Amino acid sequence: MGQAKIYYDSDADLGVLSNKKIVFLGFGNQGSAQAQNLRDSGIPNDQILIANRVDSYAETAKAKGFHVEHDFATAAEVADVLFILIPDQVQPRVFNEQFSPKLKSDATIVVASGYNVFFNLLKFQPGQDVVMVAPRMIGSSVRSLHQKGRGFPCFVSVEQNGTGKGLDAALALSRAIGATKQGAIASSVREETMMDLMAEQALWPNIIMMFREAFNVLKDAGCSDEALCYEMWMSKEPAEIFERAADDGFVAQLKHHSTVSQYGQLSGSLKLEGGAMREHFKDILYNQILSGKFCEAFSQIEDDLDKEGDTNPLNELYKRSEEMELVKAEKRVRARLAGLL
Ligand code: NAI
């Protein structure tokens, strides 16, 4: 694949949404931001319905003047457009059991992440449109950038074109939530899922491992906990480097570093051929992610993730991570410097 198509406001016709009932399932990070942006774009409040169980999110939606429906079957029946904006791991249960049987046969269903669609975990009818409008930002930024009159990066795709007008709907909805202002990038649930899961299962685990091992080696060589924690992350230098990479360029940001640093980083990285790492990454991409193996394994532990204590697999992983010398040292440093941080 080469260049992706980019859609702007001028590619989208908000008229496509006139008289359509737009239901947001969920009023959390993304739901609250997207629903408010959409209303600000001129979609009348009476066309918008927030489907939310009885909880604090529903109260927030009411306080912001939205119509809220607690009965999901009722919300499903009236929806011409349904944004699914509840956590990914609960979407299959809630959508398949409570929405899918009642939805109109030509409804447009919008997801903000590719996972459940890519792994076929949601049940759609053939006449429905299934589109992805996936902001690359946390909800609070989706909202605040829109309020400042700016856009935010977003992926858009049509995954099932039941009505034949899926793209028109996807672009109108993207524009309505403010996603085409800066340009929405044509993508797919496959691409979005691959990139997301690779970052989570390949790139960041290796970065964590590299920090852990660099920490161990330097500690063995006599460096103090305090010096290491500050040098490696608590000074926020890595955060600054990534910010510069986004602004100036992945490699161009190196120009802000000392000459010794630039020479060390460039010569060091070019010396590392990366073959073994490439094979390791390919193994994760093909044999763990695209094969569906991870998805299957994760589905089996999903219910346990709601449990309290050690029987929750995530808690168990956190507990094992606490054994890392880096984590133990950081705790000691934070306790000593409490009040100064
Ligand atoms: P969230 O965690 O903020 O969702 C909270 C909402 O889900 C609330 O309205 C709550 O009432 C509802 N909810 C939670 N559990 C429920 C259940 N068992 N039954 C019914 N309703 C339930 O969700 P978030 O983070 O906004 O994610 C929504 C979608 O947006 C996901 O697909 C996610 O991948 C995607 N996304 C999220 C981003 C973020 O900013 N966190 C960034 C880009 C995409």
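The values are calculated or read from the model by the stated rules, or taken from the named source; none is laboratory data. Being a predicted model, the structure only gives us computed values, none of them experimental. For accessibility, only protein heavy atoms count, side chains too; no ligands or nucleic acids. Shrake-Rupley method; radii C 1.70, N 1.55, O 1.52, S 1.80 Å.
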Q. Sorting Thr163, Thr193 by accessible area (1.4 Å probe), largest first, what list results?
A. Thr163, Thr193
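Give the shape of the stretch 212-341 as rounded, prolate or oblate, defined through the alpha-carbon gyration tensor: a ≥ b ≥ c are the square roots of its eigenvalues, a/c under 1.5 means rounded, and otherwise the shape is prolate if a/b is larger than b/c and oblate if not. Working shown, then result.
On the way: a/c = 2.08, a/b = 1.21, b/c = 1.72.
Verdict is oblate for the stretch 212-341.
With contacts defined as alpha carbon pairs under 8 Å and 6 or more residues apart, what's the relative contact order of the stretch 52-153 in percent?
On the way: 120 pairs, mean separation 21.2, N = 102.
It rounds to 21 percent for the stretch 52-153.
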Q) Which value in Å is the Kirkwood Rh of the stretch 18-72 over different Cα pairs? A) 10.9 Å
Q | Of all accessible heavy-atom area on the stretch 1-127, the percent that carbon and sulfur account for (1.4 Å) | A | 48 percent
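Need one number: the % of Cα-Cα pairs in the stretch 142-261 sitting beyond the 17 Å mark.
Numbers: 5288 of 7140 pairs.
Summing the P(r) tail past 17 Å for the stretch 142-261 gives 74 percent.
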**Q.** Accessible area of Tyr230 in the full protein assembly, 1.4 Å probe (Å², nearest 10)
**A.** 80 Å²
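In whole percent, how big is the carbon plus sulfur part of the accessible area of the stretch 184-341, probe 1.4 Å, protein atoms only? Don't skip to the end; give the middle numbers.
Values: 6420 of 10960 Å².
On the stretch 184-341, the fraction of accessible area on carbon and sulfur atoms equals 59 percent.
Do me a favour and compute the ellipsoid semi-axes for the chain from its Cα gyration tensor, root of five times each eigenvalue, largest one first, whole Å. Don't skip to the answer; put the middle values down first.
Details: eigenvalues 327, 114, 93 Å².
Value: 40, 24, 22 Å, ordered largest first.
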Q: Could you rank Trp233, Trp204 by how accessible they are, 1.4 Å probe, largest area first?
A: Trp204, Trp233
(Q) I'd like the orientation of helix 166-176 relative to the chain: the angle between its Cα long axis and the longest Cα principal axis, in ° from 0 to 90, rounded to 10. (A) 70 degrees
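Indicate, rounded to the nearest 5 percent, the antiparallel portion of the DSSP beta bridges found entirely in the chain.
Taking every DSSP beta bridge within the chain, about 30 percent pair in antiparallel fashion.
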Q: With runs of 4+ DSSP H residues as the only contributors, calculate the mean residue ellipticity of the chain at 222 nm using -39,500 (n - 2.57) per run, divided by the residue total and rounded to the nearest 500.
A: -12500 deg cm²/dmol
Q: Please identify, among Tyr263, Tyr57, Tyr115, the residue showing maximal mean-square fluctuation in a Gaussian network model of the chain using a 10 angstrom Cα cutoff.
A: Tyr263
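Among Thr108, Thr311, Thr74, what's the order by accessible area (1.4 angstrom probe), most exposed first?
Numbers: Thr108 10, Thr311 95, Thr74 55 Å².
Ranked from most to least accessible, the order is Thr311, Thr74, Thr108.
Taking the solvent-accessible surface of protein heavy atoms with a 1.4 Å probe, what is the per residue accessible area of the chain in Å²?
Details: 19030 Å² over 341 residues.
Accessible area per residue: 56 Å².
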**Q.** Too-long pairs where the Cα-Cα distance tops 32 Å, listed order kept, from Lys20/Lys148; Lys236/Lys271; Lys271/Lys319; Lys64/Lys104
**A.** Lys271/Lys319
